[in-house]
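Structure first, commentary second.
The values are calculated or read from the model by the stated rules, or taken from the named source; none is laboratory data. This is a predicted model, so every value here is computed, not measured. Reconstructed Cβ throughout: ideal geometry from the backbone, glycine too, with neighbour counts over all protein chains shown. Only protein heavy atoms, including side chains, enter the accessible area calculation; ligands, DNA and RNA are left aside. Shrake-Rupley method; radii C 1.70, N 1.55, O 1.52, S 1.80 Å.
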Amino acid sequence: MAKESTTNERMEKIVSLTKRRGFIFQSSEIYGGINGFWDYGPLGADLKRNLRDTWWRAMTREREDVLGLDASIILHPAIWKASGHVDTFSDPMSDCLVTKKRFRSDHVELQSGTLYRWTGAQDLSGKSSSEPFSVLLAAGKPPESARKVAQLYYAQRGLETPELLGETTEKLENSRAFNPDNGAQLTDPVPFNLMFHTFVGATAGENDKAYLRPETAQAIFVQFKNVADSTRIKVPFGICQIGKAFRNEVTPRNFTFRSREFEQMELEFFIAPDEAIQLIHGQVAQWSESADLTNPQPDWGWEMWHRYWVKQRTDYYARIGLSAEVLDYYWQTPSELAHYARACVDILFKFPFGTEELEGIAARGDFDLSQHQKHSGKPLEVFDDELRAAAVKLSDEQKTAFIATVVADWEKRQKSTEEATGFAERLLKGFYLPHVIEPSAGLDRLTLAIIANAFTEVEKTDPKGKIETLTVLRFHPRIAPVKVGVFPLLKNKPELVAKARAVYDLLKPYLATFYDDGGSIGKRYARQDEIGTPFCLTIDFDSIGENGPELLDTVTLRHRDDARQERVKISDLLGLLLPQVA
Ligand code: ATP
């Protein structure tokens with residue numbers, strides 16, 4: 001029977017299991033830890049590697065139109081200026097005026113209550129402060145508690161036993177401007193740039209300043225030309241990359257969900273602008289609910305490609321065990337979109353602490369390539385033979401009409417006539433900057449989602465009638481860190497041990513296999529269930545032919561999720577198991 005836990009309990013159990021069984025440890029734990037950094041233990045490292053491999057396989061190895069890249073973490077600092085990260089990659093930050101605790105201003109929980117304000121304070125020695133201060137008092141709390149917080153504030157300004165002055169009150173609803181722990185006023189939000197910086201070279205002067213990349217995507221944009229030229233691949237095509245990213249998050253939280261060092265899995269899929277598709281094919285396929293997104297078509301514009309990638313990514317999640325029921329989607333509204341973006345959807349996972357982003361899929365136009373073209377001074381356009389061939393066929397009137405349509409269309413998007421004309425004229429010559437669809441996922445968030453999704457508690461009654469709660473991680477076999485447990489029924493029977501060792505040696509080169517001869521078979525199953533091993537094999541007296549030749553060289557194969565057991569020939573094991581984990 002499955003057992004339900006409350007949300008917090010569930011998260012606590014997950015955190016404790018991951019530590020106990022060696023999935024995730026706090027970084028630098030013996031020194032007290034370092035906030036926002038995590039280490040993956042033996043099982044976590046394998047789980048993460050399996051996830052990384054499934055992504056890489058789905059994104060590039062199984063496709064003809066996506067290529068891989070492995071770029072450096074430290075890039076030329078000018079890249080981060082061009083991308084906008086130096087100027088705008090920041091989160092709003094506020095501090096509690098009393099405890100100095102730091103908050104990400106937009107993440108402070110909404111609070112309502114009575115707002116107490118004071119114009120200042122004075123003490124018996126005649127010292128005074130005319131700094132106003134306020135405290136938000138939650139309903140049901142005594143006013144004295146608000147006054148105590150205010151007195152602390154003025155005491156920190158050098159007043160002894162402060163007497164509060166000019167008290168007024170009013171009702172306040174849904175505010176993020178107060179510390180939820182004590183109600184004290186927070187400082188006004190100030191932008192805090194999330195990039196970690198360092199110095200390259202021995203001089204360590206201001207000119208040597210560089211950044212740890214806050215995302216992997218920019219390296220893809222700046223290597224776009226090299227990849228295209230060295231492989232002769234043509235648009236539409238993608239470049240994908242998996243690697244570390246660093247963000248000095250104001251408040252890392254929810255275990256590994258928001259970390260300061262994490263891994264991203266990003267694809268930049270380059271497509272022709274819709275105007276080029278229109279010129280080549282005479283139309284741009286329009287998306288509708290019933291659109292067939294199975295196979296990309298030459299007349300697809302950005303919207304079809306965007307929808308296609310949302311489907312591809314959803315299909316990927318299903319392949320690793322995250323079904324439609326545990327996912328959700330958030331489509332950004334036009335006012336939330338970055339100025340250059342056409343659309344952005346977040347794929348969300350129902351984490352125990354809330355439904356939160358796992359991956360973002362954005363249609364970013366040509367913003368990134370055009371920024372790098374401008375800032376580097378290097379042309380990043382591609383030449384499209386088909387486009388040029390289509391343009392050559394147009395009469396002068398048709399060309400003028402095409403330019404006029406582009407200008408009218410771009411005006412609606414607040415783009416200048418000059419820009420639109422320049423773009424249309426380049427198109428007619430066969431040149432454009434590709435537009436991009438960007439599915440960007442976090443590997444650590446995915447690992448956490450996979451663990452949370454797999455975490456199940458099962459109640460079992462032991463032979464003495466005692467009920468115990470056992471944990472089972474129901475990982476999809478494809479991503480489970482250990483695929484097979486191999487157990488000799490008894491460890492003091494050399495024939496059983498020799499046979500079990502032979503089975504282990506047979507499987508080990510192909511499947512992550514774990515040999516265990518400690519404790520009862522039931523205990524050994526339970527230990528494997530707890531780390532999500534989908535298959536266990538027991539080598540018993542039948543396996544060594546003690547009960548007749550029919551069962552010689554067979555083993556018991558036990559399945560994790562339904563505890564089903566079947567008798568399988570050792571020679572059939574690889575053929576049976578390998579397809580289930582591939
Ligand atoms: P959030 O809004 O949660 O901060 P974001 O929208 O800034 O995320 P992106 O810049 O789109 O995130 O990054 C792409 C992906 O990288 C996210 O969907 C997430 O999976 C992962 N990611 C981003 N920031 C972090 C972080 N601090 N810790 C772990 N993963 C992260």
Q: Return only the number of the condition from (1) in a helix (DSSP H, G or I); (2) more than 29 Å from residue 253 (Cα to Cα) that residue 146 does not satisfy.
A: (2)
Q) Any idea which of (1) over 14 Å from the mean Cα position of the chain (by Cα); (2) buried (at least 19 other Cβ atoms within 10 Å of the Cβ) is the one residue 294 doesn't satisfy? A) (2)
Q: Tell me which of these residue 199 doesn't satisfy, since it passes every other one: (1) open to solvent by 40 Å² or more (accessible area, probe 1.4 Å); (2) in contact with a Cys (Cβ under 9 Å, 6 or more places away or on another chain).
A: (2)
(Q) Here is a list: 109, 160. Which entry is part of a loop (DSSP other than H, G, I, E, B) and over 35 Å from the mean Cα position of the chain (by Cα)? (A) 160
Q.
Is it the case, given these coordinates, that residue 300 is away from the ligand (no atom under 16 Å from the Cβ) and open to solvent by less than 30 Å² (accessible area, probe 1.4 Å)?
A. yes
**Q.** Per-region count, the range 65-103, residues open to solvent by less than 60 Å² (accessible area, probe 1.4 Å) and of a type in the set (Asp, Glu)
**A.** 3
Q | Test: residue in the range 253-267 that is within 30 Å of residue 299 (Cα to Cα), touching a Pro at 6+ places or on another chain (Cβ under 7 Å) and buried (at least 21 other Cβ atoms within 10 Å of the Cβ) | A | yes
Q. Can you tell me which residues in the range 182-195 are surrounded by fewer than 16 Cβ atoms within 10 Å (Cβ to Cβ) and either in a strand (DSSP E or B) or within 29 Å of the chain's Cα centre (by Cα) (or both)?
A. 190, 191
Q: Would you be able to tell me the number of residues in the range 121-142 that are acidic (Asp, Glu) and over 47 Å from the mean Cα position of the chain (by Cα)?
A: 1
Q. Considering the range 335-360 alone, what residues qualify as being aromatic (Phe, Trp, Tyr) and within 11 Å of the ligand (Cβ to nearest atom)?
A. 349
Q: Please find, among 320, 403, 361, the residue that is in contact with a Pro (Cβ under 6 Å, 6 or more places away or on another chain) and either among the aliphatic types (A, V, I, L, M) or surrounded by 15 or more Cβ atoms within 10 Å (Cβ to Cβ) (or both).
A: 361
Q) Looking at 246, 257, which one is near the ligand (Cβ under 7 Å from one of its atoms), in contact with a strand residue (DSSP E or B) (Cβ under 7 Å, 6 or more places away or on another chain) and touching a residue at least 12 places away in the same chain (Cβ under 8 Å)? A) 257
Q) Does the range 166-175 contain at least one residue that is polar (S, T, N, Q) and outside any strand (DSSP E or B)? A) no
Q: Quickly run through the range 381-419 and pick out the residues that are more than 21 Å from residue 368 (Cα to Cα) and touching a strand residue (DSSP E or B) at 6+ places or on another chain (Cβ under 9 Å).
A: 387, 388
Q. Among 434, 439, which is modelled with pLDDT of 95 or more, within 30 Å of residue 346 (Cα to Cα) and more than 16 Å from the ligand (Cβ to nearest atom)?
A. 434
Q: Determine whether residue 429 is within 26 Å of residue 304 (Cα to Cα), without any contact (Cβ under 8 Å) to a residue 12 or more places away in the chain, surrounded by 12 or more Cβ atoms within 10 Å (Cβ to Cβ) and more than 16 Å from the ligand (Cβ to nearest atom).
A: no
Q: Please determine, by comparing only the residues of the range 495-532 that are of a type outside the set (A, V, I, L, M, F, W, C) and in contact with a Ser or Thr (Cβ under 8 Å, 6 or more places away or on another chain), which one is farthest from residue 13 (Cα to Cα).
A: 499
Q | Candidates 456, 471 - the one that is within 30 Å of residue 263 (Cβ to Cβ), buried (at least 20 other Cβ atoms within 10 Å of the Cβ), away from the ligand (no atom under 16 Å from the Cβ) and hydroxyl-bearing (Ser, Thr, Tyr) | A | 471
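Results for (1) assigned to a helix (DSSP H, G or I); (2) more than 19 Å from residue 22 (Cβ to Cβ); (3) touching a residue at least 60 places away in the same chain (Cβ under 8 Å), shown as yes or no for each residue.
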position	(1), (2), (3)
480	no, no, yes
505	yes, yes, no
519	no, no, no
527	yes, no, no
541	no, yes, no
545	no, yes, no
Q: Would you check if there is a residue in the range 215-231 being free of Cβ contacts under 8 Å to residues at least 40 places away in the same chain, over 21 Å from residue 372 (Cβ atoms) and either surrounded by fewer than 17 Cβ atoms within 10 Å (Cβ to Cβ) or over 17 Å from the mean Cα position of the chain (by Cα) (or both)?
A: no
Q. Got at least one residue in the range 361-377 being out of contact with any Phe, Trp or Tyr (no Cβ under 7 Å at 6 or more places or on another chain) and within 16 Å of the ligand (Cβ to nearest atom)?
A. yes
Q. Does residue 299 satisfy the condition of being within 15 Å of the chain's Cα centre (by Cα) and charged (D, E, K, R)?
A. no
Q) So, of the residues in the range 26-39 that are under 17 Å from the mean Cα position of the chain (by Cα) and in contact (Cβ under 8 Å) with a residue 40 or more places away in the chain, which turns out to be most open to solvent (accessible area, probe 1.4 Å)? A) 38
